[in-house]
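Q: This structure is in structure tokens; I'll ask about it shortly.
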Amino acid sequence: MNKKEANLFIEEMKDIGDDWTIDQVMEVYGDESLDDALSDRKSSINIFTDIIDKVVNR
């Protein structure tokens, strides 16, 4: 992923309340494509949201 793609990642994640810096994106997803990084992160957020929902709604 290049810096332009990292900025696109940051903007898309910011829209759903998941804030990142360029350095964080490059460290975690720098070797992946933008599409793969977005897919992975959104999947992680969905899993986390499901866990929180189950805990809150016990």
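Q: Against the longest alpha carbon principal axis of the chain, how many degrees, from 0 to 90 and to the nearest 10, is the axis of helix 34-56 turned?
A: Helix 34-56 and the main axis of the chain meet at about 20 degrees.
Q: Also, I was wondering about something else. Given Cα pairs under 8 Å that are at least 6 residues apart, what percent is the relative contact order of the chain? Mind showing how you got there, number by number?
A: Details: 29 pairs, mean separation 20.2, N = 58.
Once divided by the residue count of the chain, the mean separation gives 35 percent.
Q: So if we plug the beta-carbon distance of Glu27 and Asn2 into 1/(1 + (r/R0)^6) with R0 = 22 Å, what FRET efficiency do we get, rounded to 0.05?
A: Taking R0 as 22 Å, the efficiency between Glu27 and Asn2 is 0.95.
Q: Specify the angular offset, from 0 to 90 degrees and rounded to the nearest 10, of the alpha carbon long axis of helix 3-14 from the longest principal axis of the alpha carbons in the chain.
A: Approximately 20 degrees, to the nearest 10.
Q: While we're here: Please report, in whole Å, how far the alpha carbons of the chain spread along each principal axis, starting with the longest.
A: Ordered largest first, the chain gives principal extents of 43, 17, 16 Å.
Coordinate-derived values only; no laboratory data. What you are looking at is a predicted structure, and each value in this text was computed from that prediction instead of being measured. So basically every Cβ, Gly included, is an ideal-geometry build from the backbone, and we count neighbours across all protein chains shown.
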